[in-house]
Amino acid sequence: MNIFADIRTLVLESIDALVSEGTLPPGLNDGPVTVEPPRDAAHGDMATNAAMVLAKPAKMAPRVIAEALIPLLQSDPRVERADVAGPGFLNLRLTNTVWADVVEAALEGGTTYGHSGIGAGVKVNVEYVSANPTGPLHVGHTRGAVFGDALASLLDYAGYEVTREYYINDGGAQVDTLARSVYLRYLEAHGQEVAFPDGTYPGDYLIAVGQALKDKVGDTYVNKGEQVWLADVCEFASDAMMALIREDLAALGVTIDHFYSEKSLYGTGRIEAALKTLDDKGLIYEGVLEPPKGKKPEDWEPREQTLFKSTEHGDDVDRPVKKSDGVWTYFAPDIAYHYDKIERGFDALIDVFGADHGGYVKRMNAAVSALSDGRVPLDVKLVQLVRLFQNGEPFKMSKRAGTFVTLRDVVDRVGPDVTRFVMLTRKNDAPLDFDLAKVLEQSRENPVFYVQYAHARVQSVLRKAGDAGIATNLSPALTDASELSVARKIAEWPRLVEIAARTHEPHRIAFYLYELASEFHALWNRGNDDHSLRFIQDSDPEASASKIALPRAVAVVISAGLGILGVTPLDELR
C-alpha cells in the first residue's frame, strides 16, 4: 500500500472528470502532478501541485482549478478536507481510518511492505569498491563499499534486477610495483636486509605475502632478475591481495556477485573490439590535442595520438585512447570494460568512484553514451572522503607509507553495523566525519543507536505482551496526535523507497529511519506521563492488542530499512 500513490491516482481521476465535463481542456499533461507530504504538517497530511502545473497549459488561474478539484476530492471517503493554499496548492487532510489502514498494510505485508515494482524488468549493474589490489582496503574504500552495497540492496528492494560488481585493477603498472614490493618481503623472509625504494609499498601487510611466496617457491627467485620472477609474482601477489580484500568485504557484510579482471581485457581483442565499435561510428581519429589549461607552451609537446571524439557525447575535450608509442591509455580498457557491460545486456549502469576520480565522469558518460547510442544510462556516484578521528586527533592515511587506517581497523573497533549505518548518515558527495568514540555512544546524537533502540523497545513490548498472554491483531487503535504522527511516518515508507531508488540515494533510508525512530520515541515518552498512550494497558488485554499494532508496524519498517542498509536490527541493546 502506497497511500501517496493512491491519492495521486485520485487527483488524476478528478482531473479527468473535470476534462470530461468541460471544465478543463483535453490533452493536458498530468505527468508533473505530485502528491507529497506538506512542508508544514499543520497544513494537512498531503499536498498536491495539480492546479499549479495545469494552469498554464489550461490557460486558467491555478486557484480556479484548485477550487474545481475540491468537491471531487472531498467526495472520496478517505479525504476529510481539501483546502487551497497560496496561489493554488491543494492541502488534503485524510481521515484517521486511512492511517489505521496503513498500519494494517505494514503488518500484513511484513517484509514486503514498501517493496516497489518500479524496477521490474530493468537490469542494473552496480560497480563499487574496485580498489587497486595493492593492499587491504582503507577507511576511504569502506564508504564506497557501504554506499554501493546499500544502493544495490535498495534497487533490489525496488524491484530491479541487480548485479554487484568489482572491477579488479590488475592491468596497470601498480601491480608490477606490488610484485616488486612482495619480492622485497620474499628476500626478507630469506634473511636478507632490504630497503624499500620510493614508490614501493612498505606496509607490514606484505610480510605474510613474502613468507607465503617463500613457502611456495623456496629460494627459486632469490637474487634473480625480474625477467625470471616478475610475471609469476604479479599473479601471486594480486591473488593474495584479492583474498585479503574479499575477507575485508566479508567482515563488513558486503556482497559482490562478480569480480571482473582488467587484465582479462589485454591480449584478448576486447579493447580492440570496443574501439572498433566507436571507430565504426566515426568517433576515433588520429590527432593532436590542445595543451591542457595552465600549461606553458614550452612545457607542452604536441604528439599525435589516437583520440576518441568524446566531445560529441558531452565531454569537454576529446580523449586519447592510444599513446603515440602505441600503448593503450588508462581510458582504453575502461571503455572496453563498459562495452562489455553493455554487451552483457544491462539496461543501466552505476559506477561508484572515489572523489579523486571526479575528472573521469564526463569521459565515462561519453563513452557509454557513444557505445550504446544513448540507450544505456550511466550514473557515476562520487563518494567523498572520510575524516576519521580518535581522541580528537585525525588519523593519517598513506598506502605508500604503510600507515593507513584499514577497513578492518574500523570494523574491529566499532562493528560492521555501526560502520555501515554511520557511513550512510551523509549524502555520498559530502565529506563525512567518523568519530570512533561518538559512534558508540548511547544517545540521540548517535543515529544508529537511536534507530536500533526503537526496534529494541518494540521487542521489549512484545516480550511483555507474550509474558502477559496478550494476543496481537492487525487492527490498531489510533486516537492521539502522537499515534497518528507515527502512522503517517510509516505511510511515507513506500514513497521514500521509490524516491531513494530513483535518485540512487541510499542515505535517504538512514535519514528516514532516524525520523521514524524519533516519532516513536516521542510517543513512548508521552506514555510515561499519559497512561492511555502506553502500549500495554493494565487489565485490558483487548485494548493492549490494538495498541501493540502500531509499534509492531514500526518494527516492520525499521527492520526493512536496516536490511537495505545491511544493518542488523537489535532485539535487545548490548
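Highest mean first, what order results for 459-472, 171-184 on Cβ atoms within 10 Å? Please report the intermediate quantities before stating the final value.
Values: 459-472: 14.4, 171-184: 20.0.
Highest mean packing first, the order is 171-184, 459-472.
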### Message
Taking amide H atoms as placed 1.01 Å from N in the peptide plane, list the residues 5 or more away in sequence, or in a different chain, whose amide H sits under 5 Å from that of Val162.
### Response
Val124
### Summary
Taking a probe of 1.4 Å and leaving out DNA, RNA and ligands, segment 1-145 shows per residue an accessible area in Å² of 42 Å²
### Karplus-derived HN-Hα couplings along segment 138-150 (A = 6.51, B = -1.76, C = 1.60, θ = phi - 60°), whole Hz, x at Gly and Pro
9, 5, x, 5, 4, 5, x, 5, 5, 4, x, 5, 5
### Query
Taking the Cα centre of each part, how many Å lie between segment 142-213 and segment 468-537?
43 Å
### Task
Work out, step by step, the length gained on full extension between Lys216 and Ser539: first 0.36 nm times the residue separation, then minus their alpha carbon distance; give nm to one decimal.
109.0 nm
#### Entry: Listed residue pairs exceeding 23 Å between alpha carbons, taken from Lys341/Lys427; Lys341/Lys381; Lys123/Lys323; Lys276/Lys341
Lys341/Lys427; Lys123/Lys323
### Task
Take Asp530, project a point 7 Å from its Cα along the Cβ direction, then tell me which residues of segment 464-495 have their backbone nitrogen under 16 Å from it.
477-488
### Query
If amide H atoms are built 1.01 Å from N in the plane of the peptide, which residues on other chains or at least 5 residues away come under 5 Å of the amide H of Gly354?
Val383
### Query
222 nm [θ] for the chain, helices only, -39500 (n - 2.57) per DSSP H run of 4+, per residue, to 500?
-15500 deg cm²/dmol
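List the equivalent ellipsoid semi-axes of segment 164-250 in whole Å, largest first, each obtained as the square root of 5λ for an eigenvalue λ of the Cα gyration tensor.
Values: eigenvalues 96, 38, 32 Å².
They are 22, 14, 13 Å, listed largest first.
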### Message
Accessible area of the chain with a 1.4 Å probe: how many percent of it is carbon plus sulfur?
### Response
48 percent
#### Entry: Rounded accessible area of Trp328 (nearest 10 Å², 1.4 Å probe)
60 Å²
## Note on the structure
Here FRET efficiency (C-beta to C-beta, Asp379 to Arg93, R₀ 41 Å, nearest 0.05) is 0.60
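I'd like to compare 364-370, 282-288, 57-63: which one has the highest average count of other Cβ atoms within 10 Å, and what's the full order after that? Working shown, then result.
On the way: 364-370: 22.6, 282-288: 13.1, 57-63: 15.7.
Highest mean packing first, the order is 364-370, 57-63, 282-288.
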### Largest-first ellipsoid semi-axes for segment 1-131, taking √(5λ) over the Cα gyration tensor eigenvalues, angstrom
30, 21, 14
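Taking only protein heavy atoms into account and a 1.4 Å probe, give the accessible area per residue of segment 155-278 in Å².
On the way: 5640 Å² over 124 residues.
Heavy-atom accessible area per residue stands at 45 Å².
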### Query
Calculated FRET efficiency, Ile499 and Ala42, Cβ-Cβ r, R0 25 Å, to nearest 0.05?
0.60
### Summary
For segment 25-36, in residue order, the Karplus 3J(HN,Hα) values (coefficients 6.51, -1.76, 1.60; θ = phi - 60°; whole Hz; Gly and Pro = x) are x, x, x, 6, 8, 9, x, x, 5, 10, 10, 8
## Note on the structure
Scalar couplings 3J(HN,Hα) for segment 48-62 by Karplus 6.51 cos²θ - 1.76 cosθ + 1.60 (θ = phi - 60°), nearest whole Hz, x for Gly and Pro, are 10, 9, 3, 5, 5, 7, 8, 4, 5, x, 7, 6, 9, 5, x
### Å³ per residue enclosed by the Cα convex hull of the chain
212 Å³
### Query
Using alpha carbons only, how many degrees (0 to 90, rounded to 10) separate the axis of helix 481-503 from the longest principal axis of the chain?
40 degrees
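Could you please put Asp279, Asp315 in sequence from largest to smallest accessible area, using a 1.4 Å probe? Mind dumping the intermediate values first?
Numbers: Asp279 80, Asp315 10 Å².
Sorted by accessible area, descending: Asp279, Asp315.
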### Summary
antiparallel share of DSSP beta bridges within the chain, to nearest 5, in %, is 50 percent
### Å² of accessible area per residue within segment 426-574, as computed with a 1.4 Å probe and no ligands counted
43 Å²
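First obtain the Kirkwood hydrodynamic radius of segment 1-53 from its Cα pairs, then insert it into the Stokes-Einstein equation at 25 °C and 0.890 mPa s, and state the resulting D in µm² per second as a whole number. If you can, show how the numbers build up before the last one.
Numbers: Rh = 11.9 Å.
It diffuses with D of about 205 µm²/s by this estimate.
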### Summary
For Glu80, other-chain or 5+-apart residues with amide H closer than 5 Å (H placed, Pro excluded) are Arg93, Leu94, Thr95
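The values are calculated or read from the model by the stated rules, or taken from the named source; none is laboratory data. What you see is a predicted model, and the numbers here were worked out from it, not measured in a lab. Glycine gets a Cβ as well: all are built from the backbone with ideal geometry, and neighbour counts include every protein chain shown. Side chains included, ligands, DNA and RNA excluded: accessible areas come from the protein's heavy atoms. Shrake-Rupley method; radii C 1.70, N 1.55, O 1.52, S 1.80 Å.
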